[in-house]
Amino acid sequence: MLKILVCVSGGGTNLQAIIDGVKNGSIKETEIIGVICNNAGAYALKRAEDNGIPGYVLSPKNFESRDEFNKAFLAKVKEINPDLIVLAGFLVTIPEEMTRVYENRIINIHPSLIPSFCGVGYYGLKVHEAALTKGVKVTGATVHFVDSGMDTGRIIYQKAVEVMDGDTPEILQKRVMEQAEWIILPKAVNDIATGLIKLG
Ligand code: GAR
């Protein structure tokens, strides 16, 4: 059984896709043992609660320094002791020490085809705004391992999504979620759990 910890910041639709996958059996041999969220008001926490998954709020805002937060974050993750950490819309930079301790055991979903529209400053709707500003005709999503860089780790899966005339960032975000994110993130978790993708 792969024990996973999911880290979230907002609505948690990717978390929901994983919860649904575990429930309906499309994600096998996986247990969600916790959800960490940096935002106490996030709907993602309600999704965890509704499904009997322990939720923990840990925000840099509640610590005197980023260093203090990073220590508390790592300590909490060690206490939860997951086999895999899934960043599902987690908009907090992962401390470098955590990327070392959990090398090849952290995955992230990013809402573009890396290396386009990724790195510092590219998160959430901003990614889709940038794609529309550039005028690309195809975008998508990427699941990748997390290393000490920003969106630089080894790519696991990507899925392309068409940009349509008249798209707004919100419309494009929804299409990328529906046609890519909610498919490739649960698939990556399942494929890790069942040994198709090796950790490390
Ligand atoms: C998702 O689109 C995810 O790809 C993105 O945040 C959104 C979270 O939505 N993540 C990033 O931009 C990371 N750089 P959700 O809370 O509904 O899953």
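The values are calculated or read from the model by the stated rules, or taken from the named source; none is laboratory data. Since the structure is predicted, the reported quantities are computational estimates derived from the model, not experimental observations. Heads up, the Cβs are rebuilt from the backbone with ideal geometry, glycines too, and the neighbour counts pull from every protein chain shown. Calculation scope for accessible area: heavy atoms of the full protein, side chains included, ligands and nucleic acids excluded. Shrake-Rupley method; radii C 1.70, N 1.55, O 1.52, S 1.80 Å.
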(message) Any residue that is within 28 Å of E97 (Cα to Cα) and either out of contact with any helix residue (DSSP H, G or I) (no Cβ under 6 Å at 6 or more places or on another chain) or surrounded by 13 or more Cβ atoms within 10 Å (Cβ to Cβ) (or both) - is there at least one of those in the stretch 159-179?
(response) no
(request) Kindly provide the set of residues from the stretch 15-67 that are hydroxyl-bearing (S, T, Y), under 21 Å from M98 (Cβ atoms) and in a loop (DSSP other than H, G, I, E, B), ordered by number. (result) S59, S65
(message) Restricting to the stretch 104-119, count the residues that are open to solvent by less than 50 Å² (accessible area, probe 1.4 Å) and touching a helix residue (DSSP H, G or I) at 6+ places or on another chain (Cβ under 8 Å).
(response) 8
(message) Exactly one of these conditions fails for K137: (1) within 13 Å of the ligand (Cβ to nearest atom); (2) within 15 Å of S112 (Cα to Cα). Give me its number.
(response) (1)
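Just one of V77, V101, V92, V8 is more than 16 Å from the ligand (Cβ to nearest atom) and open to solvent by less than 40 Å² (accessible area, probe 1.4 Å); which is it? Outline the logic, then answer.
Working: V101 fails: open to solvent by less than 40 Å² (accessible area, probe 1.4 Å); V92 fails: more than 16 Å from the ligand (Cβ to nearest atom); V8 fails: more than 16 Å from the ligand (Cβ to nearest atom).
Of the residues listed, the single one that is more than 16 Å from the ligand (Cβ to nearest atom) and open to solvent by less than 40 Å² (accessible area, probe 1.4 Å) is V77.
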(message) Looking only at the stretch 104-119, how many residues end up being in a loop (DSSP other than H, G, I, E, B) and within 8 Å of the ligand (Cβ to nearest atom)?
(response) 2
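Regarding the stretch 120-130, can at least one residue be identified that is open to solvent by less than 10 Å² (accessible area, probe 1.4 Å), at pLDDT 95 or above and part of a loop (DSSP other than H, G, I, E, B)? Talk me through it step by step, then tell me what you get.
Of the residues in the stretch 120-130, the ones open to solvent by less than 10 Å² (accessible area, probe 1.4 Å) are 127-128.
After this cut, where a residue has to be at pLDDT 95 or above as well, the list is 127-128.
Add one more test, that the residue is part of a loop (DSSP other than H, G, I, E, B), and what stays is none.
No; the residues of the stretch 120-130 include none that is open to solvent by less than 10 Å² (accessible area, probe 1.4 Å), at pLDDT 95 or above and part of a loop (DSSP other than H, G, I, E, B).
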